Structure formats: C-alpha cells, structure tokens
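None of the figures in this text is laboratory data; all of them are computed from the coordinates on show. As the structure is a prediction and not an experimental result, all values here were calculated from the model. For neighbour counting, all protein chains shown are included, and Cβ atoms are generated from backbone atoms with ideal geometry for every residue, glycine included.
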C-alpha cells in the first residue's frame, strides 16, 4: 500500500491520473482523500475511531460522518450491511 501526501494527489489529479472530485460533490477532495487515506492506513476500524482520528472539531466531525455514510452507500467503504449502521460500525476500504 502506498500512502500519498496531499501534494502528490494534487499532482496526479492535475495530470489526469486520478479523479476523486466526482466521488462526493458536497464536500471537497481533501475530506475524501483524508478519509480514504486514513482508512487505508488503519485497515479496519469503527466509524467513530476514524472520525475522531481526523478531527476534534464537532462541526468537522459532522461533515466527516456525512461523507462516510455517502462513501458506504456508494461502496467506496465497506461494512457489514446486515448489521445496524451506527458510529460503532466496523468499516474497511474497498
């Protein structure tokens, strides 16, 4: 697994190698990148741990939670959908 920093991602994006803008148009690329990058690093965790590891600000956490649900719904993040979804749901990257 390769962990990229944000400048590397922007360079790849500018060169047309990757496109993460279209994933979730209500939040910026940095939030998407941060969530997916951190989850790739952690391999598996619950949603609360992921959110808490990225921000201490309550408003930012709300934005991150929204985006996690979006990423789960669109299968960028996996979880056991046979169980109730909440902040203790265990998630992993696809």
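Being outside any helix (DSSP H, G or I) and more than 20 Å from residue 85 (Cβ to Cβ) is the filter here; which residues of region 46-65 pass it?
Correct list: 55, 56, 57.
Can we say residue 70 is out of contact with any helix residue (DSSP H, G or I) (no Cβ under 7 Å at 6 or more places or on another chain), assigned to a helix (DSSP H, G or I) and surrounded by 15 or more Cβ atoms within 10 Å (Cβ to Cβ)?
For residue 70, the condition - out of contact with any helix residue (DSSP H, G or I) (no Cβ under 7 Å at 6 or more places or on another chain), assigned to a helix (DSSP H, G or I) and surrounded by 15 or more Cβ atoms within 10 Å (Cβ to Cβ) - is met.
Report whether or not residue 79 is surrounded by 15 or more Cβ atoms within 10 Å (Cβ to Cβ) and farther than 15 Å from residue 34 by Cα.
Spelling it out, residue 79 is indeed surrounded by 15 or more Cβ atoms within 10 Å (Cβ to Cβ) and farther than 15 Å from residue 34 by Cα.
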